[in-house]
Amino acid sequence: MKSTAEKWTVAVFVCLLSACSPKQEGVDPAAYEAEVFEWRQERLEHLKGPEGYLNLVGLYWLPDGITRIGSDAENDIVFPQSAALSIGELHAGEEGVRIVVADDVDVRHEGQPISEILISDDTTSNPVTLTHGSFAWTVILRDGRFALRLRDLQHPAIAAFPPIESYPIDPAMRLTATMRAYDVPKVVNVGTTIEGLGYNPESPGTLAFEIDDQDFELEAYSSGDSLFFVFGDATSGRETYPAGRFVYTELPDADGKTVLDFNLAYNPPCAFNEFATCPVASPRNRLSVAIEAGEKFDPEVHSTPDGYH
């Protein structure tokens, strides 16, 4: 479930991880700590940016056929009051979602006014973002269903959002792990934060590692040139996000080794905004040990307001 906005996150992880070999030889502790602090700052800046998750103000699942959008209460999807009363119509079907813009309404794609366009969804190679005033929207595709994701690029939560509290950086939580590949990669069924919405990634196997001489493993999900993990642990719901946290690793080397760095574990988008669609940690990916590394979560501090009108 890697969207366009998440590709930045993966790139930063790979850059940080590639500085050291899977055997973790020659790691400079001071340089490593500085890189993690830099990543944390860049992550916060990305969350506050146009493709971050703090500016979301709506997520609307689209039925087949026509859906009218605008700020008038008679629309099927009601935008905030500063939008035009009638922005246009969304036409959802087999080809995807096309918008037909109402006369004399300024809707733009890449800075240019448009009257009609296919809104390529976020799983395609060239997803489309449309803007109208301070508002921007995209179409996402999840489990065979289209939805419109609405952003307000001037959302007050952006400026008010504080730094994310994290555990102290612990080099001992940067672990060498071993891939235990399945005979054949399999598609797994993972729940999400949206009732009735599934997440079905391909899993190549599990990643085995040790913490305090205890053996653990996490099921991996394929994610391009990375492995993606959604995990819970004994801190979940107490000091960290209840549904679990995310972490990426590089693909294993020829010996099946890679680095699993829990200092880079981070909160999913749904920790900050209810309009994200996030997988949750499956029962097999809930660890009995406390992973006191990576990001913490305080719902009173970091949950942004609901959508507004």
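The values are calculated or read from the model by the stated rules, or taken from the named source; none is laboratory data. Just so we're clear, the structure is a prediction, and the values are computed from it rather than from any experiment. Reconstructed Cβ throughout: ideal geometry from the backbone, glycine too, with neighbour counts over all protein chains shown.
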* Given the conditions (1) more than 30 Å from Gly70 (Cβ to Cβ); (2) not in a strand (DSSP E or B), report the number of the one that Val128 does not fulfil. => (1)
* **Enumeration of residues in the range 235-293 that are in contact with a Ser or Thr (Cβ under 9 Å, 6 or more places away or on another chain), of a type in the set (Ser, Thr, Tyr) and more than 20 Å from Ile140 (Cα to Cα)** => Tyr248, Thr249, Thr258, Tyr266
* If we scan the range 92-106, do we find a residue that is within 29 Å of Asn189 (Cα to Cα) and either assigned by TED's automatic domain parsing to the domain that holds Tyr266 or of a type in the set (S, T, N, Q) (or both)? -> no
* Determine the pairs where a residue that is on the phi > 0 side of the Ramachandran plot, located within the range 225-248, has a partner that is of a type outside the set (S, T, N, Q) and not in a strand (DSSP E or B) with Cβ atoms under 6 Å apart, the partner being 6 or more residues away or on another chain. => Gly244/Val280; Gly244/Ala281
* To do: Working carefully through the options Arg174, Arg180, find the one that is touching a helix residue (DSSP H, G or I) at 6+ places or on another chain (Cβ under 8 Å), of a type in the set (Lys, Arg) and in the same structural domain as Ile211 (by TED's automatic domain parsing).
  => Arg174
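Here's the yes/no breakdown for (1) buried (at least 19 other Cβ atoms within 10 Å of the Cβ); (2) assigned to a loop (DSSP other than H, G, I, E, B):
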{"position": "Arg68", "(1), (2)": "no, no"}
{"position": "Ala73", "(1), (2)": "no, yes"}
{"position": "Ser82", "(1), (2)": "no, yes"}
{"position": "Ala92", "(1), (2)": "yes, no"}
{"position": "Val100", "(1), (2)": "no, no"}
{"position": "Ile117", "(1), (2)": "no, no"}
* To do: Evaluate the range 262-281: report whether one residue or more is of a type outside the set (Phe, Trp, Tyr) and more than 28 Å from Ile158 (Cα to Cα).
  => no
* Asked: Of everything in the range 189-211 that's part of a loop (DSSP other than H, G, I, E, B) and either touching a Pro at 6+ places or on another chain (Cβ under 6 Å) or free of Cβ contacts under 8 Å to residues at least 40 places away in the same chain (or both), which residue is surrounded by the fewest Cβ atoms within 10 Å (Cβ to Cβ)?
  -> Glu195
* Pairs under 8 Å by beta carbon, first residue more than 21 Å from Arg145 (Cβ to Cβ) in the range 92-104, partner assigned to a loop (DSSP other than H, G, I, E, B) and among the hydroxyl-bearing types (Ser, Thr, Tyr), six or more apart or different chains? -> Val100/Ser115; Val101/Ser115; Ala102/Ser86
* Hey, among Ala147, Ala157, Ala172, which residue is closer than 26 Å to Asn55 by Cα and in a helix (DSSP H, G or I)? -> Ala157
* Asked: Can you name the number of the only condition in (1) surrounded by 14 or more Cβ atoms within 10 Å (Cβ to Cβ); (2) more than 19 Å from Asn273 (Cβ to Cβ) that Trp137 fails?
  -> (2)
* To do: Could you grab me the full set of residues in the range 8-28 that are more than 20 Å from Phe209 (Cβ to Cβ) and either part of a helix (DSSP H, G or I) or at pLDDT 95 or above (or both)?
  => Trp8, Thr9, Val10, Ala11, Val12, Cys15
